[in-house]
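Only one structure is covered here, and it is reproduced in the block below.
Nothing in this text is a laboratory measurement; each read-out follows from the coordinates by a stated rule. The structure displayed is predicted, hence computed values, not measured ones. Here the Cβ is made from the backbone with ideal geometry for all residues, glycine too, and neighbour counts use every protein chain on show.
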Amino acid sequence: MLCLLTLLSLSPVTFSDEVSPKSTAPLLQPDLRHEPIQPLRPTEGLNPHKLRLGERLFHDLRLGRNNDMACSSCHNIKDNGADHHARAPGRDGTILDVNTLTVFNSSLNHRQFWDGRARNLEEQIDTVVINAKEFATTWPTIIGKLEQDTDYARTFPEIYPEGITADNIRNAIATFMRSLITINSPFDRFLRGDSNAISQEAKAGYRLFKTYGCVACHQGSNVGGNLFVKLGVFKDYFAVRGNPTHADLGRFNVTGKARDRHVFRVPSLRLAALTPPYFHDGSVTTLAEAVSIMAEHQLGRTIPGQDILRIVTFLESLPGEYRGQPLGHKP
Ligand code: HEC
Ligand code: HEC
């Protein structure tokens, strides 16, 4: 409902392509300041020691039950912050219930996970620790193992007076997560006034993204991540796909309310160009197909192929850099 209201209240925003290039301009050009998508900014005020510790823990295989799984096993920071599976392999030959979300920019989402069941990053980390398909362990076990490591035993108390505790491990990893913002994307440079940062195709794609109404659900600096919406507003996605699963119930699994059946947190599209396959079930391989399904199921429209390609080109301008490097797979 909220998103349909937003949809109706959206005024068509126009902008000029003739803004003068000013790549170093700190402020948005006046006519782009009120756009529904805003540039990403690095998270300020993070403690660098906690961040570094969190980064190490993120890659530490000892967090897994048999010292065999780390956060980085499914979230590749050197690539897209996720993996390329439809649904990642879990422990003991299992397959995870849903497609892996990227950890980049996830701190900006109002809830974590497809169904929003974790209110914040700290809660999200707790679920990985106990999940039988993931770390399948307990905090005391993890703490016991980390205490054996002389470097952790020295470093933790230097940063946290209480030393190695579940709270502090969560806090360090969450601090690292909060640093994972992808800045300086071509689209953000465009928003900041560099009119040559993206192609005419991408500009046209952005206009279409607004006029078709995608922006009613995918908006803000993370281009999504701040609303709960039903998948299949105009057309039953699950009837078309078949093989219903428990995970398909989405937010219903969290609240038990009938109106939350098939409701999902609108995903961020910041890195969509780099994170195929698509949707919570990972069932769609290409971005063009995902866009077309969205138009049909969320907007009740069939979008012509040329417009789909323009929207895809716009989406390709959204991924930015991490530590000065463009994101994505490096051959
Ligand atoms: C075995 C694979 C696997 C491992 C290991 C794993 N994740 Fe994930 N991660 C996933 C999947 C799958 C999802 C989506 C789950 C869902 O939405 O229910 C996810 C979702 C997330 C999200 C939510 C992003 C968003 O936009 O809501 C964050 C943050 C995250 N993982 C961080 C971590 C951290 C930190 C660790 C280590 C403590 C970790 N993950 C370990 C597979 C994994
Ligand atoms: C009514 C709200 C709504 C509208 C309008 C909407 N979307 Fe979505 N979008 C969603 C939701 C919810 C999902 C997650 C669906 C799922 O997998 O459970 C999603 C998923 C996506 C994905 C897949 C992201 C991923 O990482 O798997 C893409 C791409 C996407 N939308 C693009 C678009 C485009 C382009 C438009 C306009 C043509 C659009 N959306 C319109 C709500 C919306």
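Here is how the numbers come out for the structure above:
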item	result
Rounded to the nearest 20 debye, dipole of the chain from Cβ charges on Lys, Arg, Asp, Glu	460 debye
With Cα atoms, 0 to 90° folded angle of helix 166-178 axis to the chain main axis	30 degrees
Potential extension, residue 49-residue 255 segment - 0.36 nm per residue separation minus Cα distance	70.4 nm
Amide H within-cut-off set for residue 230, under 5 Å, with H built and near neighbours excluded	264
Exposure proxy ranking, count of Cβ atoms within 10 Å, fewest first, for 309, 63	309, 63
Per DSSP, loop GluC sites (Glu not before Pro) in the range 155-230 with at most 13 further Cβ within 10 Å	162
Range of Cα positions in the range 224-300 per principal axis (Å), largest first	33, 26, 22
Diffusion constant of the chain at 25 °C, which comes from Stokes-Einstein with the Kirkwood Cα-pair radius and 0.890 mPa s, µm²/s	117 µm²/s
Choice from 56, 111, 178 with maximal GNM fluctuation in the chain (Cα, 10 Å cutoff)	56
Residue (of 205, 107, 282) at the positive-pole extreme of the chain, dipole from beta-carbon charges	205
Amide H contacts under 5 Å for residue 268, placed H, 5+ residues apart	225
Sequence of 114, 139 once ranked by neighbouring C-beta atoms within 10 Å, starting from the fewest	139, 114
Residue-averaged [θ]222 nm for the chain, counting only DSSP H segments that reach four residues, each worth -39500 (n - 2.57)	-9500 deg cm²/dmol
Other-chain or far-sequence residues with amide H under 5 Å of residue 183's (modelled H)	321
